Amino acid sequence: MQAPASTPAGTRARGIELHALDPRYVPNLLRSADGQVLWSATHGELWRYVPGSSQPERLYASANRDAAITDVGASSRGYTFVETSRKAYGEGGWRVWYLPAAAEQPVELDRGRARNAGFPPTLAMDGTRVVWAGFDEPATGWVSRLRMASLDDPGTSLTLLSYPIREALLWYPCLAGNELWFAIIHPDFDGTGSGNEFHLEMLDLSNAQAAPRRFAGTGNDFDPAVNDDFIAWKTAEGDSAALNWGTIHVEDRRTQSVQTVPVPNGIRPSIGDRFLAFDEITHSRLDVYDPSTRRVIDLGRSGPGAPTYGGLSVNGNLLAWFTQGPDESGLPRIGWAMLPE
């Protein structure tokens, strides 16, 4: 059953301190993971900041000057990231890397090329494994795969699911214990008029024989974010594509009741110990959502001439985002806050 939020958006935050890193640290991609703020910078650099430390630390610098890091994850075991480089890997070429904690060089987990798909893999990581969903275009036929590597044996990867591109497109893996959640698109490449169909599925990693289980959801569901208590996702209504903005929903896993976050046009939810974070289309709001109280918590607003907000990401109690403008550089600046338990 679907229930609206019981209190209106805009409950003003109290006692949450907002911080910003020095503006010389400019992010391309930003994540909160394992108690640290992670971001990629130009030329394929990976950085981190641990709240309370004196300054950020560079974790990795690619040897390829045209490289870009397009996704990143972290756990107590280390880091995983996706690197692209046209010069080194060819057009659409990508690598998935694992960088163990305190190591200087990463271990390659996978490689491929997705020149026509145009999208590198998306990642998930916990304390025992790395999972990625990626497109590859070998001569034998274009495929979409969901793969996994154990951190105890990162040199060996296991293919969990593999589909021809015309049948299914796999996106956005999300780990919650032994549950592996992901989004799947069944594309209408032939233009039948039915449009693409997309939804969420879950694999039980404790049972190697288990088939994926479809999540009932609300229809046209994408962007999963899951913990022990809640499942969050985005619904792109009507004729909207799966990657478009949509409505954020949250399901209580104990009661199966569904809440609708009362902020229109959201995307890419992430969920921490208590709060849900997401981007919204105007980039004028710095909000988080508390599904236990059904309240949107207002951390900031922007107006004419004020900074915009984007890249919101929460893990545990650490929220990260970037603001942009109106200073002279116009470059994004990294913000972070510790949210209450």
Going through segment 249-301, which trypsin sites (Lys or Arg not before Pro) have at most 11 other Cβ atoms within 10 Å and a DSSP loop state?
Arg254
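Using +1 on the beta carbon of Lys and Arg, -1 on that of Asp and Glu, and nothing else charged, what's the dipole of segment 144-201 about the Cα centre, debye to 20?
Working: 3 positive and 8 negative charges, 28 e Å.
With only Lys, Arg, Asp and Glu charged at Cβ, the dipole is about 140 debye.
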Take the alpha-carbon centre of segment 190-220, take the same for segment 227-257, and report the distance between them in whole Å.
14
Calculate the radius of gyration of the Cα atoms of segment 17-164 to one decimal place, then report Dmax, the largest Cα-Cα distance, as a whole number, both in Å.
15.5, 54
Can you work out the Karplus-derived ³J(HN,Hα) for every residue in segment 193-205? Use 6.51 cos²θ - 1.76 cosθ + 1.60 with θ = phi - 60°, whole Hz, and x for glycine or proline.
x, 6, x, 6, 10, 9, 6, 9, 9, 9, 10, 8, 6
Considering segment 121-273, what Rg and Dmax in Å follow from its alpha-carbon atoms?
15.7, 48
Compactness index (Cα Rg / 2.2 N^0.38 Å), the chain:
0.97
May I ask for the distance between the Cα centers of segment 122-166 and segment 271-323, given as a whole number of Å?
31
Could you tell me the relative contact order of the chain? Use alpha-carbon pairs under 8 Å, at least six residues apart, and round to a whole percent.
16
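Quick one: putting +1 on the C-beta of Lys and Arg, -1 on the C-beta of Asp and Glu, what dipole do you get for segment 195-235 around its Cα centre, in Debye to the nearest 20? Write down the numbers at each step before the final one.
Values: 3 positive and 7 negative charges, 23 e Å.
The calculation lands at about 100 debye.
Counting each DSSP H run of 4 or more residues in the chain as -39500 (n - 2.57), what helix-only mean residue ellipticity at 222 nm follows after dividing by all residues, to the nearest 500 deg cm²/dmol? Don't skip to the answer; put the middle values down first.
Numbers: 1 runs with 4 residues, N = 341.
Value at 222 nm, helices only, nearest 500: 0 deg cm²/dmol.
Just how large is the dipole of segment 2-338 about the Cα centre, in debye to the nearest 20, putting +1 at every Lys and Arg Cβ and -1 at every Asp and Glu Cβ?
Details: 30 positive and 40 negative charges, 81 e Å.
It works out to roughly 380 debye.
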Report the GluC sites (Glu not before Pro) located in segment 180-238 that are in a DSSP loop and have at most 15 other Cβ atoms inside 10 Å of their Cβ, or state none.
Glu237
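Scan segment 136-199 for trypsin sites (Lys or Arg not before Pro) in coil per DSSP, keeping those whose Cβ has at most 16 other Cβ atoms within 10 Å, and list them by number. Numbers along the way, then the final one.
Details: sites: Arg145, Arg147, Arg166; in loops: Arg166.
Sparse-neighbourhood loop trypsin sites (Lys or Arg not before Pro): Arg166.
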What list of ³J(HN,Hα) values in whole Hz, one per residue of segment 285-300 in order, does the Karplus curve 6.51 cos²θ - 1.76 cosθ + 1.60 (θ = phi - 60°) give from phi, with Gly and Pro shown as x?
10, 10, 10, 10, 10, 9, x, 6, 9, 6, 10, 8, 9, 8, 9, x
Per-residue ³J(HN,Hα) for segment 25-41, Karplus 6.51 cos²θ - 1.76 cosθ + 1.60, θ = phi - 60°, Hz, x for Gly and Pro:
8, 10, x, 9, 10, 9, 9, 9, 7, 6, x, 9, 8, 10, 8, 9, 10
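Classify segment 13-61: rounded, prolate or oblate, from the alpha-carbon gyration tensor (a ≥ b ≥ c, eigenvalue square roots; a/c under 1.5 rounded; otherwise prolate if a/b is larger than b/c)?
Values: a/c = 1.98, a/b = 1.87, b/c = 1.06.
In terms of gyration-tensor shape, prolate.
The numbers here are math on the coordinates, done by the rules we state, and not lab data. Being a predicted model, the structure only gives us computed values, none of them experimental. Reconstructed Cβ throughout: ideal geometry from the backbone, glycine too, with neighbour counts over all protein chains shown.
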